[in-house]
Amino acid sequence: MEPLAQGSLSPDGFWRWDGVRWLPSGASPDPAIAIASSPRSWLATAGAIVAIIAASLVLAGSFLPYVHYTGEMAAGESAWPSVFNGGFPGAWGNAFEPILVILFALAASVLIIASANRTARAFASGALVVLGAQTLMMVVGYAAAGASYGQLQAGTFVGAFGSILLFVGGIMSAGSLWLRQMPGR
């Protein structure tokens, strides 16, 4: 048998001969057997899922009435207004805000789930935080405007809960940026 040349690989490719002993070659085992790991954070994914649920709650809160007005109603006014049905002529302009919040929240959530880029996740997480805070202020504004003339209804509470969840989803996703990443990621 001939002596092995220095640097020769074993038949399986996992060992290298240095002239004295066999050393691991650094080759990984069969890729089909290797366990795959995602560079994405579970906290970011959970935060994005919370934000998607929150967007659906903001949508539901926009359809549900936020107040029941008591007293006299003028022609064309509704005693059960919602964000998407303002209760008086010309109130349709209020519907754009929650529609854009829902669309931007869904886009940011998908970006957080799909992207492994930390900068993209940071911007999308910040957008969710801001959208949640801004939508909560919108709901509080509707509640404050309607509470003195009637009774608050489900839309107020569902919308507020959805906006708080949107804020929390953004905080969770942003919190994932402070988690230690695995080396090489």
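Computed from the coordinates by the stated procedures, all read-outs in this text should not be read as laboratory data. Owing to the predicted nature of the structure, the values given are computational and were not obtained by experimental measurement. Glycine also receives a Cβ, built like all others from the backbone with ideal geometry; neighbour counts cover every protein chain displayed.
Quick one: 3J(HN,Hα) in Hz for the stretch 138-148, Karplus 6.51/-1.76/1.60 with θ = phi - 60°, rounded, Gly and Pro as x.
5, 5, 4, x, 4, 5, 5, 5, x, 5, 6
Using only Cα atoms, what is the ratio of the radius of gyration of the stretch 47-185 to 2.2 N^0.38 Å?
On the way: Rg = 17.5 Å, N = 139, 2.2 N^0.38 = 14.3 Å.
The value comes to 1.22.
Work out the charge dipole of the chain with +1 on the Cβ of Lys and Arg and -1 on the Cβ of Asp and Glu about the Cα centre, then indicate which of GLY155, GLY126, TRP22 is farthest towards its positive end.
Result: TRP22.
Cβ neighbours within 10 Å, averaged per peptide: list 84-90, 51-57, 4-10 in order, most packed at the top.
On the way: 84-90: 14.0, 51-57: 22.3, 4-10: 11.7.
Ranked from most to least packed, the peptides come out as 51-57, 84-90, 4-10.
Using θ = phi - 60° and the Karplus relation 6.51 cos²θ - 1.76 cosθ + 1.60, list the HN-Hα couplings for the stretch 86-95 in order, rounded to whole Hz, with x at every Gly or Pro.
Karplus-based 3J(HN,Hα) across the stretch 86-95 equals x, x, 8, x, x, 7, 5, x, 6, 6 Hz.
Dipole size in debye (nearest 20) for the chain around its Cα centre, Lys and Arg Cβ +1, Asp and Glu Cβ -1?
Rounded to the nearest 20 debye, it is 460 debye.
Just to check I understand the Karplus step: with θ = phi - 60° and J = 6.51 cos²θ - 1.76 cosθ + 1.60, what whole-Hz values come out for the stretch 100-107, glycine and proline as x?
5, 4, 5, 5, 5, 5, 5, 5
For TRP22 and MET137 in the same chain, what is the full-extension length gain: residue separation times 0.36 nm, less their Cα-Cα distance, in nm?
Working it through step by step, the gained length comes to 34.6 nm.
What Rg and what Dmax come out for the stretch 45-105 when only alpha-carbon atoms are used, in angstroms?
14.3, 49
How large is the helix-only mean residue ellipticity at 222 nm for the chain, computed as the sum of -39500 (n - 2.57) over DSSP H runs with n ≥ 4, divided by its residue count, in deg cm²/dmol to the nearest 500? Before the final figure, lay out the partial values.
Numbers: 4 runs with 93 residues, N = 185.
So the calculated ellipticity at 222 nm is -17500 deg cm²/dmol.
Mean separation of Cα pairs under 8 Å and 6+ residues apart, divided by the residue count of the stretch 42-178: what relative contact order is that in percent? Walk me through the numbers on the way to the answer.
Numbers: 263 pairs, mean separation 60.2, N = 137.
Normalised by residue count, the contact order of the stretch 42-178 is 44 percent.
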